[in-house]
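One structure is given below, encoded as structure tokens.
The values are calculated or read from the model by the stated rules, or taken from the named source; none is laboratory data. Nothing here was measured: the structure is a model prediction, and the numbers come from that model. Glycine gets a Cβ as well: all are built from the backbone with ideal geometry, and neighbour counts include every protein chain shown.
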């Protein structure tokens, strides 16, 4: 079975690094410090709206966040979230708005993590994933779950407090498992969800239920979706996935039986692939494998042993 050392030899997974940003949680309740940080001449900020921010493409083929000095920000009414401080002492804030500002640069364009996540530097990726996760939570949790009163933002965007009952609410993260299952022939199990286009196959995944360990979630989800029983489960890595609020926990798992019986509700089709099977299916265009920044592509490539092939033109 693929091991952790195999994963460690690969480049860092998109959205998982800190980019040298110290989140500075101890500063979030210090209003005097936050005010001084916001007014400092080196502080930078950017607007986040609907999971997107403005980015600009660079000459080397990468992408950068479009940031501005805090004293140039014309959005005094925006919600302001402190994201952290880099190694040079620069503080970063995200401003939540209902819409992105008009283009501040002719080359700037709106983009989300799916489009730009793999192109951003580790620093910019860390800033944007933090900002998007906070924005998603803030938009969806405006009222107290205890008494129904509208809550107010505190701790530089990381707490919502209820002025009526005093409850404090913290950003929600939903743990989900995602797993590459192999059998005794070292074939990989890939499935196609019912709403995916024909040919799209990826790893299985599912949410952790209350009172359930992540290892038991892997076993349960694989059996529920594909009818495959799983024995050995090995944790590989994790990836924040704020769409809107998940943390993906990646596993390799070993099936105890190759028998497949899909549930027909989430998974319409599931198949075992040898490495040659998958290569030929991708090259012919029969199978569209997972791509982009998702941890799914990393898990498949760990098993495959190298980057996945491209379809033949």
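In the list 289, 242, which residue meets the criterion of being within 30 Å of residue 173 (Cβ to Cβ), in contact with a strand residue (DSSP E or B) (Cβ under 8 Å, 6 or more places away or on another chain) and not assigned by TED's automatic domain parsing to the domain that holds residue 125?
Working: 242 fails: in contact with a strand residue (DSSP E or B) (Cβ under 8 Å, 6 or more places away or on another chain).
Result: 289 is the single residue among 289, 242 that is within 30 Å of residue 173 (Cβ to Cβ), in contact with a strand residue (DSSP E or B) (Cβ under 8 Å, 6 or more places away or on another chain) and not assigned by TED's automatic domain parsing to the domain that holds residue 125.
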Condition test on residue 160, is it in a loop (DSSP other than H, G, I, E, B) and either over 26 Å from residue 294 (Cα atoms) or assigned by TED's automatic domain parsing to the domain that holds residue 295 (or both)? no
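Just to check your reading of the model, which residue among 98, 88 is in contact with a strand residue (DSSP E or B) (Cβ under 7 Å, 6 or more places away or on another chain) and part of a loop (DSSP other than H, G, I, E, B)?
Checking each option against the conditions leaves just 98.
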Over 17 Å from residue 18 (Cα atoms), in contact (Cβ under 8 Å) with a residue 60 or more places away in the chain, buried (at least 20 other Cβ atoms within 10 Å of the Cβ) and in contact with a strand residue (DSSP E or B) (Cβ under 7 Å, 6 or more places away or on another chain) - does that describe any residue in segment 114-132? no
Index of the failed condition, residue 117 passing every other in (1) in the same structural domain as residue 70 (by TED's automatic domain parsing); (2) in contact with a helix residue (DSSP H, G or I) (Cβ under 8 Å, 6 or more places away or on another chain); (3) at pLDDT 95 or above: (3)
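Which one of these is outside any loop (DSSP other than H, G, I, E, B) and either in contact with a helix residue (DSSP H, G or I) (Cβ under 9 Å, 6 or more places away or on another chain) or modelled with pLDDT of 95 or more (or both): 262, 218, 228?
Values: 262 fails: outside any loop (DSSP other than H, G, I, E, B); 228 fails: outside any loop (DSSP other than H, G, I, E, B).
Exactly one residue qualifies, and that residue is 218.
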Condition first: part of a strand (DSSP E or B) and buried (at least 16 other Cβ atoms within 10 Å of the Cβ). Now tell me which residues in segment 201-215 satisfy that. 202, 204, 205, 206
